[in-house]
Amino acid sequence: MLLKKQFEQGEINGVVYGNGTVAFQGVKLNVYCYIIDGVCIDTGAHSLRQQFQHFLTAQSFEQVVLTHHHEDHSGNAAFLQQQGVPIYIEESLLKECAKKAAYPLYRRLFWGTRKPFQAQPLANTFTSKTATWEVIQTPGHAIDHVALLNKNTGQLFTGDLYVMTKTRLILREESIPAIIRSLQQVLAYDFDEVFCSHAGLLKNGRKALQAKEDYLLTVQDKAFSLYEQGFTVSEIDRQLFSKKYPITRFSRGEWDSQHIVTSILKEANKI
């Protein structure tokens, strides 16, 4: 499998970033890691290890905090641990991180095979060189997902909570109702800039997060309405999401718009 790879790095408002991209047959994926005040937030994908590891070894930080366990965020955690840097992650999947990664072939092809690493449980708050951080529980995309708020600067790092305003498809295990609650949880905090792990720095970050919540609430209401009219999950999916994307075929359905509908109706005990 011949992946096209790109990497860029830079600094914006005191935050150093590395952004790696992989592309194959119409599917293009990217991921950021951020470094601020001695903290490395996420580590990039193992398939981009040459680029991310070169970038990371050139930076100065004392700890790594992962927004969640997914392989595009934790792919170089083992490498950094070998350099003596402590790794922190929400405790739900600590044991899984220490094991050989198990996820579908297409994800291994895109993101590489994440090596096992030993992480420490992330507390509700932590400190860096000059700042205190709030750890905000934001499950939905993953059960161990967190957002990280630098209380001194007002900068919020949202992992995969945002990604884009109009979500068109999700992983099979994701939950739209849980994501809505997580957005509401984050929006209750005071923050200024928002850094997403796939969209980068968001212009008008609060407005972007609010727009995503509004969009998902609208999708949820439409799904309920169509269900009450007697439409099936497949029929609701076709009405709400007529366009299909290459990743659905490529992932053999692990990514699909139908999972949006299913997660909404399951939460309400309608299916």
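Bear in mind these aren't lab numbers, they're just calculated from the coordinates by the rules spelled out. What you see is a predicted model; the values in this text were computed from it and never measured. Using ideal geometry, Cβ is built from the backbone for each residue, glycine included, and neighbour counts are taken over all protein chains shown.
In whole Å, what is the distance between the alpha-carbon centres of the stretch 112-139 and the stretch 18-60?
Result: 17 Å between the Cα centres.
Just check the stretch 228-271 against the gyration tensor rule for me: Cα atoms, a ≥ b ≥ c as the square roots of the eigenvalues, rounded for a/c under 1.5, and otherwise prolate or oblate depending on whether a/b exceeds b/c. Write down the numbers at each step before the final one.
Numbers: a/c = 3.23, a/b = 1.66, b/c = 1.94.
It comes out oblate by the Cα gyration axes.
In whole Hz and in residue order, list the ³J(HN,Hα) couplings for the stretch 28-34 that follow from phi through the Karplus curve 6.51 cos²θ - 1.76 cosθ + 1.60, θ = phi - 60°; x for Gly and Pro.
Working through the residues one at a time gives 10, 10, 9, 7, 9, 10, 10 Hz.
Counting other Cβ atoms within 10 Å, which trypsin sites (Lys or Arg not before Pro) in the stretch 189-271 have at most 16 and lie in a DSSP loop? Before the final figure, lay out each step's value.
Details: sites: LYS203, ARG206, LYS207, LYS212, LYS222, ARG238, LYS243, LYS244, ARG249, ARG252, LYS266, LYS270; in loops: LYS203, LYS243, LYS244, ARG252, LYS270.
Counting only loop positions with at most 16 other Cβ atoms within 10 Å, the trypsin sites (Lys or Arg not before Pro) in the stretch 189-271 are LYS203, LYS243, LYS244, ARG252, LYS270.
May I have the convex hull volume per residue, in Å³, for the Cα set of the stretch 99-150?
Details: hull volume 6.6 nm³, N = 52.
Cα-based convex hull of the stretch 99-150, divided per residue, equals 127 Å³.
Work out from phi, with θ = phi - 60° and the Karplus expression 6.51 cos²θ - 1.76 cosθ + 1.60, the ³J(HN,Hα) of each residue of the stretch 192-199, listed in order in whole Hz, and give x for Gly and Pro.
Each residue of the stretch 192-199 in turn: 10, 7, 10, 10, 9, 6, 10, 9 Hz.
Whole-Hz ³J(HN,Hα) for each residue in the stretch 224-231, computed from phi via Karplus 6.51 cos²θ - 1.76 cosθ + 1.60 with θ = phi - 60°, x for glycine and proline: what do you get?
Going residue by residue, I get 4, 4, 5, 5, 5, 7, x, 6 Hz, with x marking Gly and Pro.
Above 26 Å lies some portion of the pair distances; for the stretch 66-199, what is it as a whole percent of all C-alpha pairs?
Numbers: 2012 of 8911 pairs.
It works out to 23 percent of all Cα pairs.
Under 5 Å between amide hydrogens, which residues at least 5 positions from GLN63 or on another chain qualify, with H placed 1.01 Å from N in the peptide plane?
Counting only residues 5 or more places away or on other chains, the set is CYS40.
Can you list the aspartates and glutamates whose alpha carbon is less than 14 Å from that of LYS243, not counting same-chain residues fewer than 8 positions off?
Excluding near neighbours in sequence, the set is GLU235, ASP256.
Can you list which of the GluC sites (Glu not before Pro) found in the stretch 113-187 are DSSP loop residues with at most 12 other C-beta atoms within 10 Å? Each step should come with its number before you reach the end.
On the way: sites: GLU134, GLU173, GLU174; in loops: GLU173, GLU174.
Sparse-neighbourhood loop GluC sites (Glu not before Pro): GLU173.
Over 5 Å intervals from 0, what percent of Cα-Cα pairs in the stretch 126-219 sits in each interval?
3, 14, 27, 26, 18, 8, 3, 1, 0
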